[in-house]
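Worksheet for the structure shown next.
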């Protein structure tokens, strides 16, 4: 049974607003900042057809082409893309660079050199609008820092930019841990040009609209929010045992004794006795670890273990906390190695039984780690689109526009 959000308790139901059930239409999409194509992988099973893909990284577009032979990705700086040459499409997606809004980045904000490319994306949509070809839907994806940077001013600016194009929108946060064993919380801005009014509707108080989303809502209540009526998030069916490769003991990728001793020496002091107890108890278990840059105000690298059966959020392997490690306890010993490219792929929801098992990853290990480190989690993004954009495109009534505060209803 669906859970009732807390702030729906004292509300009076009214009819759904115009736009909740839109016309059925074609399902074509353009994928900007396409990377290796995980947005494409997520949407194709919902019946969407990619008609355009763009990225500036030649290694990623090469990997894209290996999986989607029917689409020739446009290798170009988005600033050089001519909107007049773009084909018609109903959905525009943008997983724009997170470097300036991420905790791991420079925190220059949404107007920084990297993350500021989202404005270029919106400018291309504005040009399409002027040509009478604005897509009916848009989907923007990025890290949680998008909501918090500059005390929420960044997301406010972005939402006002989206609204200026004529979109009503919703904002949700979905963690990949509900689909694969990876802690990867992401923000999705979902836009539609359908005529929807939500100025007097309470935002559903669900965990996918956490308090930072609520803050964004409070700052932009003058804009047209369109709340999609999402179901409860699913229970994850895939554990680390399905993701991690069981390497033989003599595989060269396991750390040697010297490096293993370094790991033990720099293991977080609270975690060291817990791991030692597992080893001495003869347990057989695999877990993940990340390397942090500081401990107790000291400029010292330490390793933090995860005991919750999850991997930490994948990042591009540029050093420090961006690198993730696998710790295997077996036969009274703990062995350590770096995460593999195929394991990163599986954490993003491909190359698994029942999850895009035939997806082709880059041949070179470092390229695979980079490719999946800044990609999307396929089943998480698919879930978001399935219960919002895709359902609306199929003519289903999916908007939560059905409750007003009692004071308004009366």
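Each reported figure results from applying straightforward, stated rules to the coordinates on display, with no laboratory input. Just so you know, these numbers come straight off a predicted model, no measurement behind them. Cβ atoms come from the backbone with ideal geometry, glycine included; neighbour counts cover every protein chain shown.
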Exercise. Find how much the distance from residue 255 to residue 26 grows on full extension, using 0.36 nm per residue of separation minus their present alpha carbon separation; answer in nm with one decimal.
Key: 77.2 nm
Quiz item: Contour minus end-to-end for residue 66 and residue 307, with contour as 0.36 nm per residue of separation and end-to-end as the Cα-Cα distance?
Solution: 83.1 nm
Quiz item: How do 388, 312 line up, fewest other C-beta atoms within 10 Å first?
Solution: 312, 388
Practice problem: Rounded to the nearest 500, what is the 222 nm mean residue ellipticity of the chain from helices alone, with -39500 (n - 2.57) per DSSP H run of 4+ residues and division by all residues? | Solution: -7500 deg cm²/dmol
Quiz prompt | Reduced Cα scattering model of the range 246-339, Debye log10 I(q)/I(0), q = 0.21, 0.22, 0.25 Å⁻¹ | solution = -1.14, -1.25, -1.55
Practice problem: List the residues of the range 159-193 whose backbone N lies under 13 Å from a point placed 7 Å from the Cα of residue 79 along the Cα-to-Cβ direction. | Solution: none
Self-check item: Distance between modelled label sites at residue 279 and residue 164, nm, 7 Å Cα→Cβ extension
Solution: 5.8
Practice problem: Note down the nm distance, to one decimal, between modelled labels 7 Å out along Cα→Cβ at residue 221 and at residue 59. | Solution: 4.8
Quiz prompt | For the chain: relative contact order, % (alpha-carbon pairs under 8 angstrom, 6 or more apart) | solution = 21
Quiz item: What is the fewest-to-most order of 85, 180, 316 by other Cβ atoms lying within 10 Å of their Cβ?
Solution: 85, 316, 180
Quiz item: How are the C-alpha pair distances of the range 242-288 spread across 10 Å bins, as whole percents from the shortest bin up?
Solution: 20, 50, 30
Quiz prompt | Angle in degrees between helix 117-130 and the longest Cα principal axis of the chain, rounded to the nearest 10 | solution = 30
Quiz prompt | Fewest-first ranking of 48, 119, using other Cβ atoms within 10 Å as the exposure measure | solution = 119, 48
Quiz item: According to a simple spin-label model (label point 7 Å from Cα along Cα-to-Cβ), what is the distance in nm between residue 88 and residue 272?
Solution: 6.7
Exercise. Report, as a whole number in µm² per second, the diffusion coefficient that Stokes-Einstein gives for the chain at 37 °C and 0.692 mPa s using the Kirkwood radius over alpha carbon pairs.
Key: 145
Exercise. Output the Kirkwood hydrodynamic radius of the range 331-407, Cα pairs only, in Å rounded to one decimal.
Key: 15.7
Quiz item: Roughly speaking, what is the centre-to-centre gap between the range 157-181 and the range 225-266 when only Cα atoms are used, to the nearest Å?
Solution: 27
Self-check item: Gain in span if fully extended, residue 195 to residue 262, counting 0.36 nm per residue against the direct Cα distance
Solution: 18.1 nm
Quiz item: When only C-alpha pairs under 8 Å and at least 6 residues apart count, what is the relative contact order of the range 246-339, in percent?
Solution: 32
Exercise. Measure nothing fancy, just the Cα-based angle from helix 153-164's long axis to the longest principal axis of the chain, in degrees from 0 to 90, nearest 10.
Key: 40
